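Note sheet for the following structure.
The values are calculated or read from the model by the stated rules, or taken from the named source; none is laboratory data. All of these numbers come straight from a predicted model, not from anything done at the bench. Here the Cβ positions follow ideal geometry from the backbone for every residue, glycine too, while neighbour counts run over all protein chains shown. These area figures cover heavy atoms from the full protein model, side chains too; ligands, DNA and RNA do not enter into them. Shrake-Rupley method; radii C 1.70, N 1.55, O 1.52, S 1.80 Å.
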Amino acid sequence: MADLTDLQKLIDHEAEALGVPGAAVGVIHGGGRHVLTTGVASVDAPAPVTADTLFQIGSTTKTVTATVIMHLVERGELRLDGRVRAYLPGFELADEAAADAVTVEHLLTHTGGFLGDIDDGESWGPSALADAIAVYGGLPQLFPPGAVASYSNAGFRLLGRIAEVVSGLPYEELVRRVVLEPLGMTSSFFFPWEAATRPHAVGHVGGDDGPRVAHTWGLFRESMPEGGLLSSVTDQLRYAAFHLEGAATGQAPLTGETRALMQRDRIAVGVPWKAIGLPWLIDERAGLRLVTHGGNVGNLQLSSFVLAPEHGFAVTVLTNAGPGKRLGELVLGWCLEHLLGAAQAEVKPSLSRDPVAKEYTGGYYAGQWTFQVAAEGERLRVRMELAEEPAAAGVAALPELELAFLDGGERDTVVMVTDPGRPAGRFLRDESGRIAFLHLAGRAAQKLPA
């Protein structure tokens with residue numbers, strides 16, 4: 001096994017260089033579990049990050065929600081092909097045919113077709129999920145169910161509510177009984193008052209004098225199924241070990257057969273992932289098949305979570321600032337090269353000096369924000385316009401993105417110029433050949449009329 005001293009040096013150096021105040025990294029390799037930490041949980045109260053520090057893991061929570069859903073499937077209380085209306089008879093979408101057709105599997109694979117990023121409420125009450133689902137009748141339908149994968153937080157809120165109704169338990173209590181307690185995840189919680197009495201990280205934004213604390217929690221109760229879990233790196237290793245090899249006790253949340261089913265390709269995507277499972281995001285790098293799902297809470301706390309099941313390998317990176325995404329990529333790249341012997345060449349953006357066609361430019365609606373795409377020579381510049389100011393929305397301001405088309409790649413496929421590790425997205429055309437959607441980072445944003 002490679003000396004993890006070198007990985008520790010990388011984490012220390014890159015976290016400081018990127019402006020990430022603190023991070024915790026967990027690795028499973030060669031039958032061992034390893035924890036590496038750096039920095040502090042908060043620049044205002046600089047307690048060192050430890051193996052027990054809680055971070056908001058964001059959308060990795062979706063895999064926890066899916067584990068609960070598949071537990072209910074194993075028990076015969078849900079069916080993957082079961083229609084949502086079989087469990088929530090009053091369920092509505094703006095498109096009646098879609099509301100009648102959408103299934104549990106559509107939700108797990110992000111193929112429900114309705115708008116996936118919606119406004120958040122501000123409730124911690126027990127009816128928060130039910131109240132959130134009650135307004136789905138106004139959600140526009142972008143695609144027929146099953147037609148296109150477009151990352152959907154709204155779909156996972158719906159799964160959380162289905163789980164509540166079927167089990168008769170609040171979502172958070174159901175997760176505790178089915179996943180957290182059986183796996184010994186004793187440092188994983190949902191509510192801020194649970195974190196308040198334990199060591200926990202807070203999110204940071206960049207400033208002229210370095211990172212500063214963002215005084216926001218970022219999520220409310222209706223968001224719990226899509227991204228609300230707080231967890232330590234120690235617990236994330238327990239969770240990774242379960243999805244790699246199962247649990248030693250007879251109270252495991254799932255059988256090995258179901259765990260394997262969740263990790264299989266369910267729907268092809270192309271970019272930025274090869275496929276989506278239930279609901280794992282399936283990637284491939286340097287010939288290695290990776291089963292992944294990271295998280296992002298308001299661009300304030302970012303995490304990565306990667307399994308290589310055929311190699312008994314896992315890595316998770318928990319961070320407390322926006323550049324933590326890049327830190328996670330660097331840690332993953334180091335691990336793949338030095339632990340698994342798989343170094344992947346970066347894709348290359350086109351060096352063509354031909355100007356980008358105007359057909360790509362304009363606004364693309366994604367619900368909580370709009371992508372504004374402008375052409376600058378052979379590049380595209382993408383600005384995200386939030387429906388409200390970032391501070392009011394509880395998120396950090398997002399930098400502009402610079403995109404380029406792939407050198408020799410498929411038509412309409414783009415890469416981020418500043419992070420060209422792999423394709424980032426593509427433009428989708430309608431039947432007449434006109435640009436209809438920007439599919440970026442797994443989300444389909446609809447082109448607005450000029």
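Using Cα pairs closer than 8 Å and at least 6 residues apart in sequence, work out the relative contact order for the range 163-276, in percent. Write out the running numbers ahead of the final one.
Numbers: 84 pairs, mean separation 27.6, N = 114.
Averaging sequence separation for qualifying contacts and normalising by length gives 24 percent for the range 163-276.
Taking the Cα centre of the chain as origin, sum charge times position over the Cβ atoms of Lys and Arg (+1) and Asp and Glu (-1), and report the length of that vector in debye to the nearest 20. Kindly include the intermediate steps, with their values, before the conclusion.
Details: 36 positive and 54 negative charges, 138 e Å.
Roughly 660 debye, rounded to the nearest 20.
With a 1.4 Å probe and all protein chains left in place, how much of the accessible area of the chain comes from carbon and sulfur atoms, in whole percent? Don't jump to the answer; show the numbers that get you there.
Values: 9230 of 18510 Å².
Carbon and sulfur: 50 percent of the exposed surface of the chain.
Under the rule of -39500 (n - 2.57) per DSSP H run of 4 or more residues, summed and divided by the residues of the chain, what mean residue ellipticity at 222 nm is obtained, to the nearest 500 deg cm²/dmol?
Details: 14 runs with 117 residues, N = 450.
Only helices count here, giving -7000 deg cm²/dmol.
Heavy-atom accessible area per residue, the chain, 1.4 Å probe: how many Å²? Before the final figure, lay out each step's value.
On the way: 18510 Å² over 450 residues.
Result: 41 Å² of accessible area for each residue.
Using Cα-Cα distances under 8 Å and only pairs 6 or more residues apart, what relative contact order does the range 1-74 have, in percent? Show your work: numbers first, answer last.
Values: 66 pairs, mean separation 15.4, N = 74.
After rounding, I find 21 percent.
Among Q56, T292, V331, whose Cα sits farthest toward the positive end of the charge dipole of the chain (+1 at Cβ of Lys/Arg, -1 at Cβ of Asp/Glu, about the Cα centre)?
Value computed over the given set: T292.
How charged is the neighbourhood of L183? Take every other residue with its Cβ under 14 Å from the Cβ of L183, and add Lys/Arg as +1 and Asp/Glu as -1.
+2
Please report, in whole Å, how far the alpha carbons of the chain spread along each principal axis, starting with the longest.
Rounded to whole Å, the extents work out to 57, 54, 42 Å.
Counting pairs of alpha carbon atoms under 8 Å apart in space and at least six apart in sequence, what relative contact order in percent does the chain give?
18
Give, rounded to the nearest 20 debye, the magnitude of the charge dipole that the range 148-190 has about its Cα centre when Lys and Arg contribute +1 at Cβ and Asp and Glu contribute -1 at Cβ.
Numbers: 4 positive and 4 negative charges, 21 e Å.
In total the dipole reaches around 100 debye.
Please give, to one decimal in nm, the separation of the simple spin-label points placed at E245 and S123, each 7 Å out from Cα toward the Cβ.
That separation, rounded to one decimal, is 4.4 nm.
Rule-of-thumb check for the range 178-249: C-alpha Rg over 2.2 N^0.38 Å?
Working: Rg = 15.0 Å, N = 72, 2.2 N^0.38 = 11.2 Å.
This ratio for the range 178-249 stands at 1.35.
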